[in-house]
Amino acid sequence: MTATSERLGQIEQVAEGVYAYVQPDGGWCVNNAGVVVSGGESAVIDTAATERRALGLRAAATGVGADRPSVLVNTHHHSDHTFGNVFFAPETLIVANEPTRAGIIENGLNLQQLWRDVEWGAVGVRPPVVTFEEALTVRIGELRLELITVGPAHTVADTVVWIPQRRVLYTGDVVMSGVTPFTLMGSISGSVAALEALRRLDPAVVVPGHGPVAGPEVIDANLAYFHRIRDLVADAAGRTPLEIAAAAGAGPFAGWLDSERLVPNIRRGLAEAQGLPQGAPLDILEAFGEMVTFNGAAPACHA
């Protein structure tokens, strides 16, 4: 079953009662979400960056029986996945791990300052009210949603949602599909460890944070990307992230969206190689400046 809105996203049934809300093309600010419906109950996994997109998700969720979800899970604190929290019913319980809650509050509306020309609408900051540390089980009808903290990976503490009865895995931005990963606020080595752990779950369907729904092979593709980053860092020879990226180029991942993320990923890899802890803060504005130089233009948010 697929229902499509040309300007927004499409909802795809990936298993019985389990859906992916996919927003093409999956680049900056255009993320995926999830909907789970079972036994008259429902849950949503992540929201969207703008009012228009969040309302599109809500309408799609309503169309498959999730008009008033009892639970909304945020996989991480980035605003493209959380700004739309405010558009769900007040009784919808928002759940995340503790660092995600802290990050949502700290971020506030700062994303709007990076892309001032986006029509954000009446988005806001509605943080989770239930938090956990390593794991939490949420039951939606007959389905068990296992919320598992992984990382640092994409951020300091990402959550994946595993539905073992359907073998469906919602990865948030720990996994991208045809889209370049982004670990400026996370970890290269942590991403490798997280991806290896996800592979051990043996999912049949992977709903990534950005890009098309895939099978488990998308986990291996992301692992290959991070192994390349490790190799580039190992051969750094005193060069800057921009110099390394310019010499290496996107290589076998040239077909992936947002290839300019190569530069901040190398920056993170160099920081770890120099002994900085996983997830330790790096200069975001400096990293974005390097992406502009590498790309010849500012990264474009298509929300």
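Over all alpha-carbon pairs of segment 184-223, lay out the pair-distance distribution in 5 Å bins, whole %, shortest bin first.
6, 23, 31, 26, 13, 2
Please list, by residue number, everything in segment 179-197 whose backbone N is under 18 Å from a paramagnetic label point 7 Å out along Cα→Cβ of Asp283.
The answer is 184-186, whose backbone nitrogens lie closer than 18 Å to the label point.
Mean 1/r over all different Cα pairs, inverted: what Kirkwood radius does segment 146-290 give, in Å?
Computed over segment 146-290, the radius equals 15.2 Å.
Express in nm, to one decimal, how much length is gained between Thr62 and Ala250 on full extension, taking 0.36 nm for each residue of separation and deducting their alpha carbon distance.
Contour length minus the Cα-Cα distance gives 63.7 nm.
Can you give the convex hull volume per residue for the Cα atoms of segment 1-99, as a whole number of Å³?
It comes to 92 Å³ per residue, whole-number rounded.
Using the scaling law 2.2 N^0.38 Å as the reference, what is the normalised Cα Rg of the chain?
Expressed relative to 2.2 N^0.38 Å, the Cα Rg reads 0.94.
Given springs between every Cα pair under 10 Å in a Gaussian network model of the chain, which of Val86, Val35, Val161 has the largest fluctuation?
Fluctuation is largest for Val86.
Over segment 204-303, consider all pairs of different Cα atoms and compute the Kirkwood hydrodynamic radius from their mean reciprocal separation; express it in Å, one decimal.
After inverting the pairwise mean of 1/r, the radius is 14.7 Å.
Looking at the chain, send over the antiparallel percent of its DSSP beta bridges, to the nearest 5.
Roughly 70 percent of the DSSP beta bridges within the chain come out antiparallel.
Net charge near Glu16, counting Lys/Arg +1 and Asp/Glu -1 over other residues with Cβ under 12 Å of its Cβ?
Surrounding charge for Glu16 is +1.
Taking 8 Å as the Cα distance limit and 6 or more residues as the minimum spacing, I'd like the relative contact order of segment 257-303 as a percentage.
Over segment 257-303, the number comes to 49 percent.
Hey, what angle do you get for helix 262-273 against the long axis of the chain, alpha-carbon based, 0 to 90 degrees rounded to 10?
70 degrees
With θ taken as phi - 60° and the coefficients 6.51, -1.76 and 1.60, list the Karplus ³J(HN,Hα) couplings across segment 124-134 in order, rounded to whole Hz; mark glycine and proline as x.
x, 10, 10, x, x, 10, 10, 10, 8, 9, 9
Take the solvent-accessible surface of the protein heavy atoms, probe 1.4 Å, and return the percent of it on the chain that carbon and sulfur atoms account for.
51 percent
In debye, nearest 20, what is the charge dipole magnitude of segment 1-74 about its Cα centre with +1 on Lys and Arg Cβ and -1 on Asp and Glu Cβ, if you could check?
It works out to roughly 200 debye.
The values are calculated or read from the model by the stated rules, or taken from the named source; none is laboratory data. This is a predicted model, so every value here is computed, not measured. Don't worry about glycine lacking a Cβ; one is built from the backbone with ideal geometry, like all the others, and counts go over all protein chains shown. What goes into the accessible areas is simple: the full protein's heavy atoms, side chains included, and nothing from ligands, DNA or RNA. Shrake-Rupley method; radii C 1.70, N 1.55, O 1.52, S 1.80 Å.
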